[in-house]
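J.: Below is a structure I'd like to ask you about.
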Amino acid sequence: MSSARPPKLVNTIILSLGLMMACNVLSWIEITNEMLLQVKVKHGEQAQHRLILWKNLLESAKNLPEKDKLRQVNDFFNLNVLFIDDILQWKVDDYWATPLEFLMTGAGDCEDFAIAKYFTLKELGIEESKMRITYVKALRINKAHMVLSFFASPKSVPDVLDNLNPDIMPASQRSDLLPVYSFNGTGLWVAKARNSGKRVGKSDRLSLWNDLKNRMLKNPF
């Protein structure tokens, strides 16, 4: 569960979506044997092992049907990474980790789960137009939260990939989540019930994405 606050979303969203949506997960970094050795030295054997598992997933799931890709990616991150608040891990209120940072540290908050799932699925060939990173209010715990929404078709009710509930379920069955905003590489939407919502602009207005993008390029690990 995240400590993110919906009012911060516009500022958070206003520095960040640019490059990440334009590049695939493995187009900005190749997981080589040399890199794996460096990760082991810097972050330990478990971090190296998580990257090996991620690399294997990206190779083995490439030709699977969409539903199987969603299930395998959702399960992979939910099972291999622990939840921790940003303030405890990064000593700041809000920090969006790159997929590599997420896997190497082995922990992150809800934003990190959603971001890692988004880019992993994108690398596996899922069109970004079918995915949106979605801010919601988790009603049962009364906190802001982030999930990944998958639209099989433009007007369909999205499926929700979540770290709070490991089961992929239609948004219509997640009465515990109240959508606020969603975004992907091309747009930003204000939520409308549990469907697609109203588009309010381009995602290149947003902010933590730019910081995330720069870190992905300049200092991957």
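J.: Looking at the structure I just gave you, is residue 138 small (Gly, Ala, Ser), crowded, with 23+ Cβ neighbours inside 10 Å and in contact (Cβ under 8 Å) with a residue 40 or more places away in the chain?
T.: Answer is no for this residue.
J.: Which fully enclosed strands (runs of 3 or more DSSP E) of segment 130-190 have 1 or more residues being within 20 Å of residue 70 (Cβ to Cβ)?
T.: Per the criteria, 131-138, 143-150, 159-161, 177-183.
J.: Name the residue, out of 42, 55, 67, that is part of a helix (DSSP H, G or I), of a type in the set (Lys, Arg) and modelled with pLDDT of 95 or more.
T.: The unique qualifying residue is 67.
The values are calculated or read from the model by the stated rules, or taken from the named source; none is laboratory data. Because the structure is a prediction, the values reported are computed rather than measured. When we count neighbours, we look across all protein chains shown, and the Cβ atoms used for this are built from the backbone with ideal geometry, even at glycine.
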